[in-house]
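The values are calculated or read from the model by the stated rules, or taken from the named source; none is laboratory data. Everything quoted here is computed from the prediction, not taken from an experiment. When we count neighbours, we look across all protein chains shown, and the Cβ atoms used for this are built from the backbone with ideal geometry, even at glycine. Ligands, DNA and RNA are stripped out before the accessible areas are found, and what is left, the full protein with its side chains, is counted by its heavy atoms. Shrake-Rupley method; radii C 1.70, N 1.55, O 1.52, S 1.80 Å.
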Amino acid sequence: MDSQQSEQLDALCEGLSSQASLVDASGNWPEQQLKLCKEYNVFRWFVNLEFGGWGWSESQILAGYLRLSQCCLTTTFILTQWNAACKRIAGSNNQRLRQLLLPQLASGEMFTTVGISHLSTSRQHLSAPVLQATESPDGAFLLNGFSPWVTGATAADVLVIGATLQDERQIMMAIPRERIGLTCGPGIPLVALTASCTDQVNFDNVRVEPNEVLAGPIKDVLLTNSGGGTGGLQTSTLAVGLALAATSFLMDQASKRPELVAVATKIREDVHELQSTLEKITLGTCDTSVAELRQRANSLVLRSTQAALSASKGAGFVATHPAGRWAREALFFLVWSCPQPVMTANLCELAQLS
């Protein structure tokens, strides 16, 4: 990151921080925050130089997420979903779509998001796929069903969606949002991050052309079209960022209230240790698994935000106070893209089982 990029990031963080409480209170899509991201070239972080991006490394991207998540978790979460879609496009063998979409994504002229959780962690207990694809004789596909937990679909120009065929092969597609038969939910009211406008997208005989397919049909399309990238690290990074925000508040309170010094210092040490582990995993110099990191991050973000809420006393329970918002946002990590082993480890900790 050069000096100009660093200055842009500082200015962006200031703008996001000043509006974070309003975004949370309104529950409305953070259009102004995303305009700031466009103005300060955040979308270029994730796209290679050949398509007009800056081609940031994984460690640079995670460092950016770490800064942004301390300022506005809603905006940062939306960016992770944009990035997930962008990576699937960049990792595709469909050169036409790459050349068509990636320059517009890098400039911020086009918005995208992703709906693939039903191929991995969501709705896997059901006997039939929630979104099914049928191949037509002309090579096109018809989609029927729904994709759950799609963030910002109503604001997207293109949706990156995964579906399953009857023979259990899977495909991944880049579909224009205004395609006939495709309808997007406006956003479910959530405990936190409501402004992300996360909802299901419904498909009623939606036709997908052969040249809109990013990968497949093939078994386990998520493994075939990974696009490289941070994988499960980005969610843990956001958790660490939120924990850092809460810890900063705790340390500020401890400077005025001696009884908080020991608690704030210990939590700060734990957060910094986990941040260091995250950075080492990114660089490949640590053997801690991604799942272990996620479990520790979940635990720490819960402890740090609840400590901040407790330290803020009654003021923190007022809806506009950041400590209350942080405590609600921390619950997000218990349920979003949370693999079963991580969920089990969190439940055992809550039950105080060894």
Quick check on residue 27: is it farther than 20 Å from residue 161 by Cα, touching a Lys or Arg at 6+ places or on another chain (Cβ under 8 Å) and small (Gly, Ala, Ser)? no
Top-ranked residue in region 269-308 [being open to solvent by 40 Å² or more (accessible area, probe 1.4 Å) and among the aliphatic types (A, V, I, L, M); ranked as farthest from residue 340 (Cα to Cα)]: 283
If I filter region 25-52 down to residues being among the polar types (S, T, N, Q) and part of a helix (DSSP H, G or I), which single residue comes out as nearest to residue 239 (Cα to Cα)? 33
For region 244-347, which fully contained helices (runs of 4 or more DSSP H) count at least 1 residues that are in contact with a Pro (Cβ under 6 Å, 6 or more places away or on another chain)? 290-312
For region 323-335, what are the residues that are open to solvent by 40 Å² or more (accessible area, probe 1.4 Å) and touching a residue at least 40 places away in the same chain (Cβ under 8 Å)? 328, 331
So the check is Cβ under 9 Å with 6+ separation or different chains; which pairs have a first residue in region 91-115 that's on the phi > 0 side of the Ramachandran plot and a second one that's outside any helix (DSSP H, G or I) and open to solvent by 20 Å² or more (accessible area, probe 1.4 Å)? 108/41
Looking for something assigned to a helix (DSSP H, G or I), surrounded by 21 or more Cβ atoms within 10 Å (Cβ to Cβ) and touching a residue at least 60 places away in the same chain (Cβ under 8 Å) - is there at least one such residue anywhere in region 213-220? no
Pull up region 21-47, narrow it to residues that are closer than 17 Å to residue 328 by Cβ and among the aliphatic types (A, V, I, L, M), then point me to the one that is surrounded by the fewest Cβ atoms within 10 Å (Cβ to Cβ). 25
